[in-house]
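J.: Could you have a look at this structure, given as structure tokens, before my questions?
The values are calculated or read from the model by the stated rules, or taken from the named source; none is laboratory data. This structure is a prediction, so every number in the text was calculated from the model and none was measured. Here Cβ is always computed from backbone atoms with ideal geometry, including for glycine, and neighbour counts include all displayed protein chains.
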Amino acid sequence: MTLVRRLAQRWLVLVVCVAIWEVVARAAGNPFFPPPHAILASAARLWFSGPADGLFLTDEVHLHLLTSLRRVLGGWFIAAVAGIGLGTALGRSPTSMDYVGPVLSFTRAIPPPALIPVFLVIFHIGLGMQLATIVFGAFWPILLNTVDGVRSVDPTQWDATRSFRTPRRHRILFVVLPSAAPKIFAGLRLGLSFALILMVVSELVGAVNGIGYQLVAAQRQFDLPPMWAYIVLIGVLGYALNAALLAVENAALGWQPARHTRVLT
Amino acid sequence: MPHRRRPLRGLAGASAALLLWEGAVRAGLVDDRFLPPPSAVLGALLTLIGAESFLRDVLATVLAWAIALGIAVAIAVPAGVLLGSIPWLKVATRAVVELLRPIPSVALIPLVILVIGGGPEAKITLAVYASVWPILFNAVYALGEIDPLLLDTSRACGAGRVRTLATVALPYAAPFVFTGIRLSAAIALIVVVSTEFLAGATLGIGTVILTASSGAGRMDLVLAGALTAGVIGYLVNESLAALGRRWLGWSPLGRAVV
């Protein structure tokens, strides 16, 4: 009984909202706001009407969905490696942030889409330009969070490992990075949501396939239900990627005390 | 002592970065048609600033940003306090919030263009949508994480629900809400400039970048526009951080997060 009640409490408002949308959209008949069932039907036709031996997935999924997903994850991975590496180096040095801090926080304030024209002439339309845009956006939160986390290592721990003459790379690997891990994960999650946004942006401008490209193609043809289906898909992707990373984080950092805060900093 | 040296070091770092960029282009490592040297970009920036139309573009962007942030704060702070202080409301709306939040505002650009058009309303709508979430999120979760001891103490002293909210819960949450506003300010500027660039608005920094990149492909003007957006973003962030330190410096949490 309590389970039913809890489920009802959690999902009732959402269900009611969708139902109201359905009723109002049907009554109003506004082509810009199709009812949810039309969006669902369009999503099913777009992605799940393929042959049975391919798990019913259509070519659309392989050509556009998975391509976009590879771009997001690839760009995010490059940004993560570069951000954590550089962030650890900068965070360990007591004065380096004094020198590069202002430059970093200025460069970070440049909206990544504003640099798309530059990336376009350097890399042309294609993977290079998309990756450059994604990496440029996802890199900063990972870098700055890593610097922050590495700086907050307990000095006693650091001094203790030094007096044991622990080799430098072991100190970094087994003392600095684990204690900076919660901050680094926060940066990774922020970076992942930026990567998703910039994947869409870069594909709206410079791509011949992908989710963003299909989204704007549907808009140009005034094909509203598929356009809504792609919007919902991007939301679902954002939710799923964040949930997956959160699960990894909880598994990796379960040993950390007092790690329940969800406030953004 | 280190504090006094810090601005000088920052200046040294910035000059070194500019020299490195200039040197790399001059030495031919990068094609200067693709990435013009900073001297050329600064020249372009000076020409732009001299032109009245550019100032109007900057004003359009800053105005859209300020309106969007104001609307987002007016929506998200009361909504966050309401959702954060009434438990059943928080649970009930959670699924809706968690499903709407990950939809990036850029995914809504095609829809907004169709429904609202490409005018200033479009960028303001998108920026409001994007910047509501960090504020709302921080308000709800900060109110949910107050030390129960503080709430019990307040109740034991005879304070009612409203008084506890006003004198204990809101001061506790204020630094977090302020951090949310600072994050949202950065996001709103990015969304405004991106929408101008992607949707082809009539005025704005994003429009300057779009015009400069199409046709002749004037990368010096593109970079000058991007740098202007960067300067605005940097100034907004720094002044909000200074404001936060001044207003919320009394709170140990405020000092930590702002």
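J.: Could you look through region B:233-253, keep only residues that are surrounded by 20 or more Cβ atoms within 10 Å (Cβ to Cβ) and at the interface with chain A (Cβ under 10 Å from one of its Cβ atoms), and pick out the one that is nearest to A:PHE119 (Cα to Cα)?
T.: Per the stated criteria, the residue is B:GLY233.
J.: Out of A:LEU120, A:LEU143, I need the residue that is touching a Gly at 6+ places or on another chain (Cβ under 6 Å), within 14 Å of chain B (Cβ to nearest Cβ) and not aromatic (Phe, Trp, Tyr). Which one?
T.: A:LEU120
J.: So, one more: Within region A:81-115, track down each residue that is surrounded by 18 or more Cβ atoms within 10 Å (Cβ to Cβ), more than 8 Å from chain B (Cβ to nearest Cβ) and of a type in the set (Ser, Thr, Tyr).
T.: A:THR88
J.: Hey, another quick one. Any residue in region A:1-19 that is at pLDDT below 80 sitting within a Cβ distance under 8 Å of a residue that is among the basic types (Lys, Arg)? List the pairs, counting only those 6 or more apart or interchain.
T.: Going by the 8 Å Cβ cut-off, the qualifying pairs are A:ARG10/B:ARG94.
J.: Testing B:THR93 on (1) in a helix (DSSP H, G or I); (2) under 30 Å from A:THR133 (Cβ atoms), one condition comes back false. Which one is that?
T.: (2)
Here's the yes/no breakdown for (1) of a type outside the set (S, T, N, Q); (2) within 15 Å of A:LEU190 (Cα to Cα); (3) touching a residue at least 12 places away in the same chain (Cβ under 8 Å):
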| site | (1), (2), (3) |
| --- | --- |
| A:GLN130 | no, no, yes |
| A:VAL150 | yes, no, yes |
| A:ASP159 | yes, no, no |
| A:ARG162 | yes, no, no |
| A:THR166 | no, no, no |
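J.: Among the residues of region B:2-23 satisfying the criterion of being closer than 24 Å to A:PHE123 by Cβ and within 13 Å of another protein chain (Cβ to nearest Cβ), which is surrounded by the fewest Cβ atoms within 10 Å (Cβ to Cβ)?
T.: This residue is B:LEU20.
J.: On to the next question. Let me spell it out: the conditions are (1) at pLDDT 85 or above; (2) more than 10 Å from chain B (Cβ to nearest Cβ), and A:ILE197 meets all of them except one. Which number is the exception?
T.: (2)
J.: Specify which of the listed residues (A:THR166, A:THR156, A:THR161, A:THR133) is buried (at least 23 other Cβ atoms within 10 Å of the Cβ) and either over 19 Å from the mean Cα position of the chain (by Cα) or within 12 Å of chain B (Cβ to nearest Cβ) (or both).
T.: Being buried (at least 23 other Cβ atoms within 10 Å of the Cβ) and either over 19 Å from the mean Cα position of the chain (by Cα) or within 12 Å of chain B (Cβ to nearest Cβ) (or both) holds for just one of A:THR166, A:THR156, A:THR161, A:THR133, which is A:THR133.
J.: Can you spot a residue in region B:67-74 that is in contact (Cβ under 8 Å) with a residue 24 or more places away in the chain, closer than 18 Å to B:ALA229 by Cα, out of contact with any His (no Cβ under 7 Å at 6 or more places or on another chain) and crowded, with 20+ Cβ neighbours inside 10 Å? Can you show your working first?
T.: As a first pass, look at region B:67-74 and keep what is in contact (Cβ under 8 Å) with a residue 24 or more places away in the chain: B:67-69, B:71-73.
Subsequent filtering for residues that are closer than 18 Å to B:ALA229 by Cα retains B:67-69.
Of the ones still in play, those that are also out of contact with any His (no Cβ under 7 Å at 6 or more places or on another chain) are B:67-69.
Filter once more, keeping what is crowded, with 20+ Cβ neighbours inside 10 Å: B:68-69.
Within region B:67-74 (the criterion being in contact (Cβ under 8 Å) with a residue 24 or more places away in the chain, closer than 18 Å to B:ALA229 by Cα, out of contact with any His (no Cβ under 7 Å at 6 or more places or on another chain) and crowded, with 20+ Cβ neighbours inside 10 Å), the answer is yes, since at least one residue qualifies.
J.: Could you list all residues from region B:193-209 that are surrounded by fewer than 22 Cβ atoms within 10 Å (Cβ to Cβ), closer than 15 Å to B:LEU48 by Cβ and not hydroxyl-bearing (Ser, Thr, Tyr)?
T.: Within region B:193-209, just B:LEU203 meets the criteria.
J.: Identify all residues within region A:106-119 that are closer than 20 Å to B:TYR234 by Cα and either without any contact (Cβ under 8 Å) to a residue 24 or more places away in the chain or touching a strand residue (DSSP E or B) at 6+ places or on another chain (Cβ under 6 Å) (or both); write none if there are none.
T.: Within region A:106-119, A:PHE106, A:ALA109, A:ILE110, A:PRO111, A:ALA114, A:LEU115 meet the criteria.
J.: Have a look at B:VAL77, B:VAL91, B:VAL62 and point out the one that is in contact with a helix residue (DSSP H, G or I) (Cβ under 7 Å, 6 or more places away or on another chain), over 22 Å from B:VAL193 (Cβ atoms) and at pLDDT 85 or above.
T.: Exactly one residue qualifies, and that residue is B:VAL77.
J.: Between a first residue in region A:91-103 that is within 12 Å of A:VAL147 (Cα to Cα) and a second residue that is not in a helix (DSSP H, G or I), which pairs have beta carbons less than 9 Å apart while being 6 or more apart in sequence or on different chains?
T.: Pairs found: A:GLY91/A:SER152; A:GLY91/A:VAL153; A:ARG92/A:VAL153.
J.: How many residues are at the interface with chain A (Cβ under 7 Å from one of its Cβ atoms), closer than 19 Å to A:TRP228 by Cα and of a type in the set (Val, Ile, Thr) when one looks only at region B:83-108?
T.: Count: 3.
J.: What do you reckon, is A:VAL216 over 23 Å from A:SER105 (Cα atoms), within 13 Å of the chain's Cα centre (by Cα) and surrounded by 19 or more Cβ atoms within 10 Å (Cβ to Cβ)?
T.: no
J.: If the Cβ limit is 6 Å and pairs must be 6+ apart or interchain, which residue in region B:1-30 that is basic (Lys, Arg) pairs with which residue that is at pLDDT 80 or above?
T.: That search, which allows pairs on different chains as well, returns B:ARG6/A:ASP98; B:ARG9/A:ASP98; B:ARG9/A:TYR99.
J.: Scan region A:242-254 for residues that are more than 8 Å from chain B (Cβ to nearest Cβ) and either in a helix (DSSP H, G or I) or modelled with pLDDT under 75 (or both) and jot them down.
T.: A:ALA243, A:ALA244, A:LEU245, A:LEU246, A:ALA247, A:VAL248, A:GLU249, A:ASN250, A:ALA251, A:ALA252
J.: Please find, among B:VAL58, B:VAL41, B:VAL62, the residue that is within 14 Å of chain A (Cβ to nearest Cβ) and surrounded by fewer than 19 Cβ atoms within 10 Å (Cβ to Cβ).
T.: Only one candidate passes the filter, namely B:VAL62.
J.: Determine, yes or no, whether B:GLY80 is away from chain A (no Cβ under 14 Å), small (Gly, Ala, Ser) and either over 29 Å from A:ALA244 (Cβ atoms) or assigned to a helix (DSSP H, G or I) (or both).
T.: On the way: away from chain A (no Cβ under 14 Å): no; small (Gly, Ala, Ser): yes; either over 29 Å from A:ALA244 (Cβ atoms) or assigned to a helix (DSSP H, G or I) (or both): yes.
Criteria not met by B:GLY80.
J.: Inspect all residues belonging to region B:154-161 and state whether any of them is surrounded by fewer than 24 Cβ atoms within 10 Å (Cβ to Cβ), modelled with pLDDT of 85 or more and within 14 Å of chain A (Cβ to nearest Cβ).
T.: no
J.: Is it the case that some residue within region A:198-205 is closer than 23 Å to B:GLY144 by Cβ and among the hydrophobic types (A, V, I, L, M, F, W, C)?
T.: So far as region A:198-205 goes, no, none of its residues is closer than 23 Å to B:GLY144 by Cβ and among the hydrophobic types (A, V, I, L, M, F, W, C).
J.: Give me the pairs, please: first residue somewhere in region B:189-211 and farther than 14 Å from B:GLY230 by Cβ, second residue anywhere and of a type in the set (Asp, Glu) and in a helix (DSSP H, G or I), beta-carbon distance under 7 Å, and either six or more positions apart or on two chains.
T.: Pairs found: B:LEU203/B:ASP57; B:GLY204/B:ASP57; B:GLY204/B:GLU196; B:THR207/B:ASP57; B:THR207/B:GLU196.
J.: Tell me, yes or no, whether region B:107-126 has at least one residue that is outside any helix (DSSP H, G or I) and under 22 Å from the mean Cα position of the chain (by Cα).
T.: yes
J.: Is there a residue being surrounded by 17 or more Cβ atoms within 10 Å (Cβ to Cβ) and farther than 30 Å from B:ARG56 by Cβ anywhere in region B:120-132?
T.: Looking through region B:120-132, none of the residues is surrounded by 17 or more Cβ atoms within 10 Å (Cβ to Cβ) and farther than 30 Å from B:ARG56 by Cβ.
J.: If you take the residues of region A:79-114 that are under 26 Å from the mean Cα position of the chain (by Cα) and not in a helix (DSSP H, G or I), which of them is nearest to B:ARG6 (Cα to Cα)?
T.: A:ILE110
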